[in-house]
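Report on the following structure.
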Amino acid sequence: MTPSVALLAAVVGYLAGSISFARIVGRIFAPHEDLTKTEIPIPDSEEKVDMGSISATTVSMHIGPKYGFLTVVLDMLKVALPTLAFRLAYPGKPYFLITAALGMAGHIWPVYHRFKGGRGLSAMYGGMFAIDWIGVFATSLLGAFLGMFVFRDVLVAYMGGLWLIIPWLWFRTYDLWYVVYALSLIHISEPTRLGMISYAVFCL
C-alpha cells in the first residue's frame, strides 16, 4: 500500500464525511429552526436530555420524517461515492476501506462544524453499501431482530448491525483489512469503554 494514496483516501473520506447534510437540509427547508438544541423528555420525569448531536434524527424531530429520510440518503451517498471511487480506481487495494472509515469519522467529528456531528450510522451504512451491500441488510436486520426479540434491548437493536459487521466481513472475505475496517467502525462510533472492550474481544 502506497502511503501517499492511503493519506489521500483518508483525507477525501474525512472531508466528504464532514459535510453536514442535516445542517444543509435544515437551512434549506427550515431556516428558522435551531437544530443544535434537541431535547428528549425523560419518561416519568420533567427533565429533558440534550441529544448532543446534529443528524437525520434531529432533522426528523424538528422538520419531519421525509426530510430526515432525505438526510439519511445524502449522508450515505457522501461516504458511498468516494468509497466506490477508490475501490474502482485501485482494485484489490484497501484504500477504499480507509475512505469509508474516515468518512464515518468525519460525519461524527466534522471539521467544518467544530467537530460536532451525528451519530454515524448512516455514514457507516453508506460506506458498507460500496463495500458489501448485502451486508448492510443482513447485519442491520439481524441486529434489529436480536435486539427486539432475543435480548429485548434497545441499544442492541440500534447498534447490533454495527457490531455484526465484524464477523460478517470476516466470514465473507477472510481478509484482515476488512476486519481492521470493521473494528475501526466500533472504535470510531464508541470511543469509550465499549469500543475498547470490543477491540479486546475481537482481537483475541
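The values are calculated or read from the model by the stated rules, or taken from the named source; none is laboratory data. Quick caveat: nothing in here was measured; it's all calculated off a predicted structure. Neighbour counts are summed over all protein chains in view; Cβ atoms, including those assigned to glycine, are modelled from backbone coordinates with ideal geometry. Calculation scope for accessible area: heavy atoms of the full protein, side chains included, ligands and nucleic acids excluded. Shrake-Rupley method; radii C 1.70, N 1.55, O 1.52, S 1.80 Å.
The figures follow:
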item: Criterion: out of contact with any Cys (no Cβ under 8 Å at 6 or more places or on another chain), modelled with pLDDT of 95 or more and either open to solvent by 60 Å² or more (accessible area, probe 1.4 Å) or under 28 Å from residue 36 (Cα atoms) (or both) - qualifying residue of 120, 106, 161; result: 106
item: Residue, nearest to the chain's Cα centre (by Cα), within the range 123-136, restricted to residues that are open to solvent by 30 Å² or more (accessible area, probe 1.4 Å) and more than 22 Å from residue 22 (Cα to Cα); result: 133
item: Among the residues listed as 139, 99, the single one being closer than 26 Å to residue 176 by Cα, open to solvent by less than 50 Å² (accessible area, probe 1.4 Å), in a helix (DSSP H, G or I) and touching a Leu at 6+ places or on another chain (Cβ under 7 Å); result: 139
item: Extreme residue, most open to solvent (accessible area, probe 1.4 Å), among residues of the range 78-96 that are among the hydroxyl-bearing types (Ser, Thr, Tyr) and farther than 14 Å from residue 185 by Cβ; result: 90
item: Odd one out for residue 57 among (1) open to solvent by 40 Å² or more (accessible area, probe 1.4 Å); (2) under 16 Å from residue 117 (Cβ atoms); (3) modelled with pLDDT of 95 or more; result: (3)
